[in-house]
Amino acid sequence: FERMYLNDKTFEPAKNHEFLPKIYMAIKMVNPKFKGFIIQTTATDFLKLNDAVLSCVRYVELGIESFNDNILKAMNKPHRITNIEYATTRMYALNERGFDIKLIPNILVSLPGETKKTYQNTLRFLNDVKQITSHINIYSLALYDNTKLSAEIEHNESDKKENSRNKSWSNEKTDKWFYEEVLKFALKGVKNAN
């Protein structure tokens, strides 16, 4: 294998990330093709990682969700757009210093409060970071039983489906427009990269 994926459930809450450089070297000794780690984390936690750890990271999957503070706050997200901007600015700076880190933004469709204007803010952000973006993960918000969010948002059974953009609280036409814009943007980026 050339890369190893570490999600935030196993990566950031513990201090095991401090061992990544040693683990990287140990893997490299038995597998010279190994290029580094893919990590999933938040912008806030990414900013806490030191250069030694990031020297063996090739992809950073960040939970952006929405580039709008009012929506992030309503969803009780641990970051704001300032954290996201600092994290992506740091990625650019690290790459200028010879690191090879690509961004994978995780974006959510159908968050309560999203409008065409808020979606445009997220599209603008994606355009601003396209030089360091590998690809984009786009998901539809799903409400799971027995979660705080499912208790806060009035919903029906179909709102629990992960693969459905059609949520009872959102504007289906606007959500579809945003989803298609992200896909067009992502496909254009891939096309330009080849």
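The values are calculated or read from the model by the stated rules, or taken from the named source; none is laboratory data. The structure displayed is predicted, hence computed values, not measured ones. Backbone-built Cβ (ideal geometry, glycine too); neighbour counts: all protein chains shown. Heads up: the accessible areas ignore ligands, DNA and RNA and are worked out on the full protein's heavy atoms, side chains in. Shrake-Rupley method; radii C 1.70, N 1.55, O 1.52, S 1.80 Å.
With point charges of +1 on the Cβ of Lys and Arg and -1 on the Cβ of Asp and Glu, referenced to the Cα centre of the stretch 48-117, which listed residue (106, 72, 54) lies farthest in the positive direction of the dipole?
Highest projection toward the positive end goes to 72.
Could you work out the local net charge near residue 72, counting Lys and Arg as +1, Asp and Glu as -1, over the other residues with Cβ closer than 9 Å to its Cβ?
Overall, the nearby charge balance is +1.
Around residue 159, what is the net charge, scoring Lys/Arg as +1 and Asp/Glu as -1 over all other residues with Cβ under 13 Å from its Cβ?
Every neighbour counted, the sum reads -3.
Report the trypsin sites (Lys or Arg not before Pro) located in the stretch 86-139 that are in a DSSP loop and have at most 10 other Cβ atoms inside 10 Å of their Cβ, or state none.
97
Name the GluC sites (Glu not before Pro) in the stretch 103-194 that are in a loop by DSSP and that have at most 13 other C-beta atoms within 10 Å, would you?
The qualifying sites are 154, 162.
Within a Cβ distance under 15 Å of residue 24, other residues only, what is the Lys/Arg minus Asp/Glu net charge?
+2
What does the accessible area of residue 55 come to, in Å² to the nearest 10, when a probe of 1.4 Å is used?
60 Å²
Test of understanding: what is the full-extension gain from residue 86 to residue 134, defined as 0.36 nm times their sequence separation minus their Cα-Cα distance?
Net length gain for the segment: 15.4 nm.
Calculate the dipole size of the chain relative to its Cα centre from +1 charges on Lys and Arg beta carbons and -1 charges on Asp and Glu beta carbons; express the result in debye to the nearest 20.
That gives the chain a dipole magnitude of about 600 debye.
Order the following by accessible area, largest value first: 29, 75. Probe radius 1.4 Å; ligands, DNA and RNA are ignored.
29, 75
I'd like the Kirkwood hydrodynamic radius of the stretch 131-177, using the inverse of the mean 1/r over distinct C-alpha pairs, in Å.
Averaging 1/r across every pair of different Cα atoms and inverting gives 12.1 Å.
For the chain, what is the Kirkwood hydrodynamic radius in Å, using each pair of distinct C-alpha atoms?
Its Kirkwood hydrodynamic radius stands at 17.9 Å.
Based on the Cβ-Cβ distance from residue 1 to residue 188, what FRET efficiency comes out when R0 is 25 Å, to the nearest 0.05?
0.25
Using +1 on the beta carbon of Lys and Arg, -1 on that of Asp and Glu, and nothing else charged, what's the dipole of the stretch 1-85 about the Cα centre, debye to 20?
Rounded to the nearest 20 debye, it is 300 debye.
Quick one: if the Förster radius is 41 Å, what FRET efficiency do residue 173 and residue 50 give, using the C-beta to C-beta distance and rounding to 0.05?
0.35
Tilt of helix 116-128 relative to the longest C-alpha principal axis of the chain, in degrees (0 to 90, nearest 10)?
Helix 116-128 sits roughly 10 degrees off the main axis of the chain.
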